[in-house]
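Down below is the structure, laid out as structure tokens.
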Amino acid sequence: MTSDRKLSSQPFVIRPLTGDDHDWVARLLTRRWGSPQVVSRGRLHQADRLPGFCAVQAGTPRGLITYHITGGECEIVTLDSVQEGEGIGTALIEAVEAAARQARCRRLWLITTNDNLNALRFYQKRGFVLAALHRDALTASRRLKPQIPLVGQHGIPLRDELELELLLEEVS
């Protein structure tokens with residue numbers, strides 16, 4: 001799947017990740033997530049080994065999304081945009097949604113933390129709804145990934161996982 005979008009005056013392209021992207025993906029995830037390991041719902045993902053898409057502008061990676069499909073569901077594991085507000089995140093989600101539909105998934109879902117107000121706004125504006133609150137889930141997550149801080153954005157204590165979902169229509 002390839003998609004052209006405008007980023008300022010330069011177009012960007014969404015393309016699937018390849019083996020050549022591994023080092024860049026690992027560096028980005030380490031810089032943004034503390035390591036390539038991401039925990040959601042008690043599962044440790046090695047996110048730099050997952051399928052995904054990247055946004056490329058003028059030969060430079062500008063965004064990344066990784067996902068995991070299992071049991072007819074697709075989880076967005078990571079989403080990062082180097083420059084927010086330019087449509088990169090939306091285009092990356094659309095690419096994963098198309099992959100999920102092609103795989104006949106029933107739902108697209110993700111986990112964010114209770115402090116991530118920007119993510120809550122971003123995903124809800126794109127049709128995702130709150131599906132569950134997993135109280136104090138980060139206590140267990142820290143056993144799998146001790147680098148998870150105690151305090152997150154805006155000085156909010158990191159405690160809970162919030163699950164958002166987008167239900168996908170049946171594929172005939």
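With bins 5 Å wide starting at 0, give me the P(r) of the stretch 53-96 over every alpha carbon pair, in whole percents.
Histogramming the stretch 53-96 at 5 Å steps yields 5, 24, 31, 21, 10, 6, 3, 0 percent.
Rolling a 1.4 Å sphere over the protein heavy atoms, what is the accessible area per residue of the chain, to the nearest Å²?
Values: 9040 Å² over 172 residues.
Per residue, the chain has 53 Å² of solvent-accessible surface.
When all C-alpha to C-alpha distances in the stretch 30-75 are sorted into bins of 5 Å, what percent of pairs does each bin hold, rounded to whole numbers?
Histogram of Cα-Cα distances, whole percents per bin: 5, 17, 25, 25, 15, 8, 3, 1.
If you roll a 1.4 angstrom probe over the protein chains with everything in place, what fraction of the accessible area of the stretch 72-171 belongs to carbon and sulfur, to the nearest %? Please report the intermediate quantities before stating the final value.
Working: 2640 of 5120 Å².
Whole-percent figure for carbon plus sulfur exposure: 52.
Based on the Cα atoms of the stretch 37-172, what semi-axes does the equivalent ellipsoid have, where each is the square root of 5 times one gyration tensor eigenvalue, given in whole Å with the largest first? Can you show the working numbers first?
On the way: eigenvalues 107, 69, 45 Å².
Listed largest to smallest, the semi-axes of the stretch 37-172 are 23, 19, 15 Å.
Return P(r) of the stretch 92-139 (all Cα-Cα pairs; 5 Å bins starting at 0; whole %; ordered from short to long distances).
That works out to 5, 17, 26, 21, 16, 11, 3, 0, in percent per bin.
Give the list, by residue number, of cysteines in the chain with no other Cys Cβ closer than 4.7 Å, or say none.
Cys with no partner Cβ under 4.7 Å: Cys54.
The values are calculated or read from the model by the stated rules, or taken from the named source; none is laboratory data. Every value quoted in this text rests on a predicted model; they were computed, and no experiment measured them. Quick reminder, even Gly has a Cβ in these numbers, built from the backbone with ideal geometry, and neighbours come from all protein chains shown. These accessible areas exclude ligands, DNA and RNA; they are computed on the full protein's heavy atoms, side chains included. Shrake-Rupley method; radii C 1.70, N 1.55, O 1.52, S 1.80 Å.
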